[in-house]
Amino acid sequence: MDSFKVLFVDDETEFLDTLVKRMKRRDVLASGVGSGEEAIRFLETSPVDVVVLDVKMPGMDGIQVLREIKRRHPLTEVIMLTGHANVEVAIQGMELGAFDYLMKPMDIDELIYKLQDACKKKFVHEEKIRKMTHGGA
Amino acid sequence: MPLRENPNQRGQNDEGQRYYRTLTRNMVLTIILVSFIPYVIVTAILLYQFHASHREKVIAHLEGLVKKHKQNIDAFLKEKLGNLSSLAKTFSYEELSNEEFLKNRLEMLQQAYGPFFVDLGVINARGIQISYAGPFQLVKASYGDSGWFKSAMKREYYISDVFSGLRGLPHFIIAVRENWLGDPWILRGTIDFVAFNNLVEQIRIGQTGFAFILNRDGELQTKPSYPVRADHEPYAAILKREKRAEDQVSTFEWTDESGVKSIYVTAFLKGGDWVLVFQQKVSDAFSDFERALRVTMVVLALGLLAILTTAFLLSRRMVGRIANADREKHMMNEQVVETGKLASVGELAAGIAHEINNPVAIMVEEAGWIEDLLEDDDFKDGANLKEFRRALAQIRTQGKRCKEITHKLLSFARKTDERVLEFDIGEVIQDIVALSGQRAKYSNVAVKLNLDNALPKVRLSQAELQQVLLNLINNALDAMEKQGGSLEINSREEDGILVIEVADNGPGIPAANLGRIFDPFFTTKPVGKGTGLGLSICYGIVKKLGGEIEVASTVGVGTTFRIKMPLEKIKAKGSENGKGE
């Protein structure tokens with residue numbers, strides 16, 4: 001499978017840095033930012049396939065960022081990262097169009113699988129749109 | 001639940017006991033005062049009224065009696081006088097001087113009027129008894145010096161006081177004066193004392209009431225039933241009275257030297273010469289009242305006793321209830337404090353868990369990073385490579401363990417969203433089932449939904465309903481974790497009541513535990529696995545939402561939790577047929 005672009009958003013820089021390093025080692029084009037605002041600015045200039053979003057952050061929280069991303073980049077898939085099993089936030093996130101959610105600390109392989117699934121979904125989605133626009137033209 | 005005892009609390013208990021004793025005493029006093037006062041006052045008023053009217057009646061009766069007897073005695077005397085007077089007028093001095101003739105007259109009188117006249121005598125102007133008819137030998141007896149003769153000669157007729165006279169027996173004399181050839185003579189009759197006495201002695205009332213007659217000098221004219229000291233008070237006072245009205249009856253009370261109070265009714269007779277005295281001890285005269293008083297007192301005492309008993313028992317029971325209520329409240333308070341403490345401990349734990357979770361995540365990531373680096377060729381031949389891998393795997397395992405602990409803490413301490421929303425019951429149930437789907441699959445539990453799609457939309461806190469359902473479903477899954485089974489969730493409407501059932505076919509709940517499962521901190525799960533709060537939280541939420549939660553369980557068959565909520569209360573506005581809004 002082709003390598004894909006992932007943006008990690010988390011206010012814990014140590015966690016973020018290591019995660020990005022590990023992702024890069026697995027041939028994932030990973031970048032990391034420390035807040036929701038930064039994430040939105042980042043996406044304006046360099047779009048990604050999947051965003052991994054921490055729910056609990058200072059400033060904009062995960063749900064707000066999710067809403068914003070889905071508004072600006074509807075095709076970008078989002079995986080929520082929660083500190084604990086919070087049913088309401090999980091359900092709310094899913095309702096707002098998140099692909100899935102994971103609980104910290106997560107297994108690196110599990111994360112990779114989820115990322116791949118999300119990308120697959122996104123590519124299928126994009127393919128459909130391409131076909132529709134081609135068909136329409 | 002027994003109260004935990006500590007010295008401090010025991011001190012409070014003593015104080016509490018004193019408080020309840022005071023409360024009991026105050027209640028008893030209040031009840032007694034409120035009941036006693038009107039009771040005693042009413043009784044006293046009634047008794048007083050009764051006493052007054054009874055007394056009036058008794059006195060009126062006595063006065064009537066005395067008056068009647070006075071009139072009888074007067075009439076008797078008048079009649080006897082009339083007898084003699086007609087005898088003296090009808091027959092001449094000569095005829096009556098004949099002893100045989102006089103004897104005949106006496107017999108006739110005795111036959112006609114009874115044995116009142118003992119004897120008859122004719123006395124000339126010098127006081128010599130010319131003829132005599134009677135049981136004594138009194139012919140030629142001279143009365144010239146006796147007081148009665150002198151008095152009798154002065155007027156037309158005369159009735160003497162009682163005296164013994166020549167015969168030595170108490171008697172009194174009725175005398176009529178007539179003229180024969182210019183000389184006065186006297187027809188004299190003696191009245192039998194015993195016969196006359198009977199007239200007065202008949203007046204007997206009660207046990208101590210009797211009558212007698214006194215003359216002006218305080219001498220007894222009849223024989224009283226009880227000894228009378230006529231020279232003492234109050235008789236002296238009666239005799240001293242100036243006004244001796246014939247038809248007046250007077251009544252007074254007098255206490256003698258021995259402290260006995262008597263009632264006296266007096267009437268003058270024989271033209272004011274004699275006084276008829278009736279006397280009776282007050283206690284005897286008013287014995288009816290005394291009896292009524294005794295009965296009333298007994299009834300009053302019994303009533304007061306009853307009030308006293310009731311006051312004590314009632315107060316004791318009420319204070320007992322209050323004490324119980326207080327104890328329950330105290331226990332509730334303790335529970336609330338306990339729960340509050342638990343909540344703050346939970347919050348603290350949540351805070352710590354959250355803070356710890358991030359460093360743990362970083363540590364696990366760093367360990368993962370080292371693992372990644374060990375893949376590089378540089379380390380392939382490292383002697384301790386195996387040990388490194390083992391240590392890193394251990395770090396990962398322990399990190400996961402930390403994660404599980406913190407997740408449990410956080411989900412326990414999580415606060416529930418209480419916002420009221422309008423939503424479809426079916427959708428919420430489906431959401432929750434979807435969340436638990438993975439777990440159900442692992443536990444080998446088949447989930448079956450029987451949802452009524454025609455149910456109206458409801459207005460509730462969605463998060464709270466989710467929590468209730470999630471708790472019930474998790475409990476059911478926990479119960480069926482080992483053997484697997486099937487979980488059925490039904491929703492329907494029954495007579496305006498929304499019914500949601502969560503039914504499993506797990507091992508069931510023993511009857512002994514069934515009554516306690518909604519109690520806080522009751523759990524059958526191993527220590528550390530359950531808090532015992534899940535079902536009590538469910539119970540609290542359902543109650544708060546205005547519904548009821550009940551459980552039916554049979555060991556070996558399964559358990560069904562049933563939530564019932566009146567649709568009237570929770571139905572969304574404008575939602576009648578499930579088509580909400």
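The values are calculated or read from the model by the stated rules, or taken from the named source; none is laboratory data. These numbers come from a predicted model, not from an experiment. Virtual Cβ from ideal backbone geometry, glycine too; neighbours counted across all protein chains shown.
Go through B:ALA125, B:ALA133, B:ALA88 for me and flag whichever is over 25 Å from B:ILE213 (Cβ atoms), of a type outside the set (S, T, N, Q), in contact (Cβ under 8 Å) with a residue 24 or more places away in the chain and surrounded by fewer than 19 Cβ atoms within 10 Å (Cβ to Cβ).
Numbers: B:ALA133 fails: surrounded by fewer than 19 Cβ atoms within 10 Å (Cβ to Cβ); B:ALA88 fails: surrounded by fewer than 19 Cβ atoms within 10 Å (Cβ to Cβ).
Exactly one of B:ALA125, B:ALA133, B:ALA88 is over 25 Å from B:ILE213 (Cβ atoms), of a type outside the set (S, T, N, Q), in contact (Cβ under 8 Å) with a residue 24 or more places away in the chain and surrounded by fewer than 19 Cβ atoms within 10 Å (Cβ to Cβ), namely B:ALA125.
Rundown of residues vs (1) surrounded by 19 or more Cβ atoms within 10 Å (Cβ to Cβ); (2) not small (Gly, Ala, Ser), yes/no style:
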position	(1), (2)
A:GLU37	no, yes
A:PHE42	no, yes
A:THR45	no, yes
A:VAL48	yes, yes
A:GLY59	no, no
A:ARG72	no, yes
A:LEU81	yes, yes
Out of (1) over 60 Å from the mean Cα position of the chain (by Cα); (2) among the acidic types (Asp, Glu); (3) modelled with pLDDT of 80 or more; (4) not assigned by TED's automatic domain parsing to the domain that holds B:LEU138, the odd one out for B:ASP217 is which? (3)
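Can you say whether A:ASP10 is in contact (Cβ under 8 Å) with a residue 60 or more places away in the chain, touching a Gly at 6+ places or on another chain (Cβ under 9 Å) and within 14 Å of chain B (Cβ to nearest Cβ), as far as the supplied structure shows? Spell out the reasoning first.
Working: in contact (Cβ under 8 Å) with a residue 60 or more places away in the chain: yes; touching a Gly at 6+ places or on another chain (Cβ under 9 Å): yes; within 14 Å of chain B (Cβ to nearest Cβ): yes.
Here the answer is yes, as A:ASP10 does meet what is asked.
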A:ILE91: passes all of (1) crowded, with 20+ Cβ neighbours inside 10 Å; (2) within 13 Å of another protein chain (Cβ to nearest Cβ) but (1)
Considering only residues that are more than 9 Å from every other protein chain (Cβ to nearest Cβ) and outside any helix (DSSP H, G or I), which ones fall in region B:362-376? B:ASP376
One residue is enough: does region B:297-312 have a residue meeting the conditions in a helix (DSSP H, G or I), touching a Phe, Trp or Tyr at 6+ places or on another chain (Cβ under 6 Å) and over 30 Å from B:HIS51 (Cβ atoms)? no
Tabulated pairs, region A:13-34, first more than 9 Å from chain B (Cβ to nearest Cβ) and under 22 Å from A:GLY62 (Cα atoms), second hydrophobic (A, V, I, L, M, F, W, C) and surrounded by fewer than 17 Cβ atoms within 10 Å (Cβ to Cβ), C-beta under 9 angstrom, 6+ apart or interchain: A:MET23/A:LEU29; A:MET23/A:ILE112
Given the conditions (1) part of a helix (DSSP H, G or I); (2) surrounded by fewer than 16 Cβ atoms within 10 Å (Cβ to Cβ); (3) out of contact with any Leu (no Cβ under 8 Å at 6 or more places or on another chain), which single one is not true for B:SER258? (1)
B:PHE193 vs (1) farther than 30 Å from B:GLN129 by Cα; (2) surrounded by 15 or more Cβ atoms within 10 Å (Cβ to Cβ): all pass except (1)
Tell me the residue from B:GLU156, B:GLU201 that is surrounded by fewer than 14 Cβ atoms within 10 Å (Cβ to Cβ), of a type in the set (Asp, Glu) and farther than 15 Å from B:LEU120 by Cβ, please. B:GLU156
Restricting attention to region B:387-401, which residues are more than 8 Å from chain A (Cβ to nearest Cβ) and either in contact with a Cys (Cβ under 9 Å, 6 or more places away or on another chain) or modelled with pLDDT under 85 (or both)? B:ARG401
With assigned to a loop (DSSP other than H, G, I, E, B) and exposed (fewer than 12 other Cβ atoms within 10 Å of the Cβ) as the only criterion, which of B:GLY218, B:GLY168 stands out? B:GLY168
Can you tell me which residue in region B:403-447 is modelled with the highest pLDDT, limited to those that are within 60 Å of the chain's Cα centre (by Cα) and of a type in the set (S, T, N, Q)? B:SER411
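Against the definition (over 17 Å from B:VAL542 (Cβ atoms) and crowded, with 21+ Cβ neighbours inside 10 Å), how does B:ALA454 come out, yes or no? Step through it out loud before you land on a result.
Working: over 17 Å from B:VAL542 (Cβ atoms): yes; crowded, with 21+ Cβ neighbours inside 10 Å: no.
So B:ALA454 does not fit the description; no.
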All but one of (1) more than 19 Å from A:THR82 (Cα to Cα); (2) touching a Phe, Trp or Tyr at 6+ places or on another chain (Cβ under 7 Å) hold for A:ALA118; state the number of the condition that does not hold. (1)
How about region A:35-68: which of its residues are within 12 Å of chain B (Cβ to nearest Cβ) and of a type in the set (Val, Ile, Thr)? A:VAL55
For region A:100-120, name all the residues that are at pLDDT below 85 and in contact with a Leu (Cβ under 9 Å, 6 or more places away or on another chain). A:TYR101, A:LEU102, A:MET103, A:LYS104, A:MET106
